[in-house]
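The block underneath contains the structure these notes are about, expressed in structure tokens.
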Amino acid sequence: SNRANKPKILAARDISSVAGYMKSKDCKNVMMMLGAGVSTSAGIPDFRSPETGLYSNLARLNLPHPEAVFEINFFRRNPVPFYTLAHELYPGKFRPTITHSFIRLLAEKGLLHTCFTQNIDTLERRAGVPEEKIIEAHGSFATQRCIDCSETFDDNDMKRHILQKKIARCVSCGGYVKPDIVFFGEALPEIFIRAVPNLRKADLLIVMGTSLTVQPFASLAERVDDSCPRVLINLDHVGSFGSRSDDVALLGKCDEVVRDLCKELGWDDELNQLWDET
Ligand code: CNA
């Protein structure tokens with residue numbers, strides 16, 4: 001089995017070996033891949049967790065199927081469900097988690113190369129992760145435009161609309177305005193496409209809180225060198241983790257696993273201090 005493969009870079013497939021490697025001179029460039037699971041403890045539901053996930057709670061929005069809330073053709077006919085969701089998820093209401101502070105700490109230690117995130121909650125920035133290290137692969141609520149003529153729309157005006165659950169309309173043509181969040185079938189931002197080749201420079205990949213079901217994002221995990229250790233921190237097993245000799249799965253809640261990892265690293269006081277300041 002995979003368990004029988006002896007790791008080539010790590011001493012063993014466990015948390016203390018990961019910490020040992022992170023403290024060694026061989027580990028310089030850490031890449032992160034994040035999903036909704038890193039923000040659930042902030043009070044933002046993920047998509048696919050049974051019972052608590054957004055997909056199991058979208059029934060009241062009268063959708064033909066849950067994913068429709070992020071489909072452009074459905075939005076064109078009925079933008080209300082998306083605006084309802086946007087109202088619930090709107091950045092500003094939530095405090096970053098200890099996991100977000102861990103990412104900032106990695107940056108302060110000079111280890112973070114790039115943090116690829118699928119999240120649209122902007123909690124990475126709010127935790128103080130340097131902006132140039134964050135790739136918001138699925139966009140964010142920072143900007144918005146008309147779905148018909150692509151005219152941009154004022155930031156403050158948009159905020160007012162979402163907070164009041166009103167549909168924003170284009171000043172020039174009257175079309176619906178949509179935040180620059182990537183919907184199903186839409187291209188990913190140019191900044192994401194340009195950052196993907198950097199994965200080859202990874203000395204360590206940490207994947208946290210994602211079901212690895214949304215493409216092309218999920219495929220990033222296959223882009224690091226075969227020899228690059230990959231660590232999965234998630235409630236359950238996902239993707240192809242375990243197929244490579246230096247894959248490590250640390251299953252559990254990411255805040256708890258991150259605390260344990262920081263204890264092993266001797267970083268626990270710094271982690272708590274960063275989080276207290278956030
Ligand atoms: P998902 O498909 O809902 O998967 C979440 C994963 O996280 C699952 O495997 C869970 O088991 C796991 N998980 C949940 N809670 C925890 C926890 N506390 N600790 C560890 N693991 C946990 O979400 P993905 O991000 O994989 O799906 C991609 C979508 C979700 C992206 O397009 C996002 O834009 C979208 N999304 C974002 C947010 C946000 O911005 N916070 C919220 C909901 C959905």
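The values are calculated or read from the model by the stated rules, or taken from the named source; none is laboratory data. All of these numbers come straight from a predicted model, not from anything done at the bench. Neighbour counts are summed over all protein chains in view; Cβ atoms, including those assigned to glycine, are modelled from backbone coordinates with ideal geometry. Side chains are part of the model used for accessible areas, which takes the heavy atoms of the whole protein and leaves out ligands, DNA and RNA. Shrake-Rupley method; radii C 1.70, N 1.55, O 1.52, S 1.80 Å.
Pick from 106, 10, 61: which is open to solvent by less than 60 Å² (accessible area, probe 1.4 Å) and modelled with pLDDT under 90?
Only one candidate qualifies: 61.
Between 203, 154, which is free of Cβ contacts under 8 Å to residues at least 24 places away in the same chain, among the charged types (D, E, K, R) and over 26 Å from residue 276 (Cα atoms)?
One residue alone meets the criteria, 154.
For the range 122-131, indicate whether the set of residues that are over 30 Å from residue 22 (Cβ atoms) and open to solvent by less than 10 Å² (accessible area, probe 1.4 Å) is non-empty.
Looking through the range 122-131, none of the residues is over 30 Å from residue 22 (Cβ atoms) and open to solvent by less than 10 Å² (accessible area, probe 1.4 Å).
Pairs needed: first member in the range 46-62, farther than 13 Å from residue 35 by Cα; second member anywhere, part of a helix (DSSP H, G or I) and among the β-branched types (Val, Ile, Thr); C-beta distance under 7 Å; at least 6 residues apart or different chains.
The qualifying pairs are 58/69; 61/69; 61/84.
Hey, residue 252 hits all of (1) on the phi < 0 side of the Ramachandran plot; (2) without any contact (Cβ under 8 Å) to a residue 40 or more places away in the chain; (3) within 10 Å of the ligand (Cβ to nearest atom) but one; which does it fall short on?
(1)
Quick one: in the range 64-90, of everything that is charged (D, E, K, R) and more than 24 Å from residue 43 (Cα to Cα), which residue is least open to solvent (accessible area, probe 1.4 Å)?
71
Can you confirm whether the range 154-164 contains a residue that is of a type outside the set (Val, Ile, Thr), loosely packed, with under 15 Cβ neighbours inside 10 Å and within 13 Å of the ligand (Cβ to nearest atom)?
No, the range 154-164 contains no residue that is of a type outside the set (Val, Ile, Thr), loosely packed, with under 15 Cβ neighbours inside 10 Å and within 13 Å of the ligand (Cβ to nearest atom).
Let me spell it out: the conditions are (1) more than 16 Å from the ligand (Cβ to nearest atom); (2) hydrophobic (A, V, I, L, M, F, W, C); (3) touching a residue at least 40 places away in the same chain (Cβ under 8 Å); (4) out of contact with any Pro (no Cβ under 7 Å at 6 or more places or on another chain), and residue 12 meets all of them except one. Which number is the exception?
It fails just one condition, (3).
Anything in the range 13-57 that is crowded, with 16+ Cβ neighbours inside 10 Å and acidic (Asp, Glu)? List them, or say none.
Scanning the range 13-57 gives a single hit, 46.
So that you can scan it fast, the table gives a plain yes or no per residue for (1) buried (at least 21 other Cβ atoms within 10 Å of the Cβ); (2) assigned to a helix (DSSP H, G or I):
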position: 192; (1), (2): no, yes
position: 199; (1), (2): yes, yes
position: 207; (1), (2): yes, no
position: 219; (1), (2): no, yes
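Take the range 76-112 and flag every residue that is assigned to a helix (DSSP H, G or I), over 18 Å from residue 176 (Cβ atoms) and more than 18 Å from the chain's Cα centre (by Cα).
Matches in the range 76-112: 108 only.
Which one is nearest to the ligand (Cβ to nearest atom), of the residues in the range 113-137 that are in a helix (DSSP H, G or I) and within 17 Å of residue 39 (Cα to Cα)?
The selected residue is 123.
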